[in-house]
Amino acid sequence: MAGLDWTEADPAPVLRTIDRAPVDRLPKDQSAALRIRLDLDQAESGLRETVAGLRRQVDGSASDSDGLRSAIAARFADQEAARLDA
């Protein structure tokens, strides 16, 4: 199949739909907690890059342009997560 430009389907949208399915069926408190956890899971990659940038600043290994680099990387990660969620 390598020469046929065939790629496997991305299961992520289906898995997200399955993860979000119980939100409307759970009691209010549990539904809110699940919704928050799922939203945090989606934002994790952007948060991870932001924390990594902060660590570099704290340990002194950050360059002068590191803040901008971290902000751009976090933004791209957030955009990718939003694209995958659509």
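The values are calculated or read from the model by the stated rules, or taken from the named source; none is laboratory data. These numbers were taken from a predicted model, which means no experiment stands behind them. In this analysis, Cβ positions are derived from the backbone assuming ideal geometry, glycine residues included, and neighbour counts consider all displayed protein chains. Keep in mind that these areas ignore ligands, DNA and RNA; they rest on the heavy atoms of the full protein, side chains included. Shrake-Rupley method; radii C 1.70, N 1.55, O 1.52, S 1.80 Å.
Laid out as a table, the results:
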| item | result |
| --- | --- |
| Accessible area per residue in Å² at 1.4 Å probe, computed on the chain | 80 Å² |
| Arg20 versus Leu40: modelled label distance in nm, points set 7 Å from Cα along the beta carbon direction | 1.9 nm |
| Rg to Rh, two decimals, where the range 1-64 supplies the alpha carbon set and Rh follows Kirkwood | 1.23 |
| Cα-only Debye scattering, the range 29-86: base-10 log of I(q)/I(0) at q = 0.16, 0.22, 0.24, 0.28 Å⁻¹ | -0.56, -0.81, -0.88, -1.02 |
| Accessible surface of the chain [probe 1.4 Å, protein heavy atoms]: carbon and sulfur percent | 59 percent |
| Restricting the range 8-42 to trypsin sites (Lys or Arg not before Pro) in coil, as DSSP defines it, with at most 12 other Cβ within 10 Å | Arg25 |
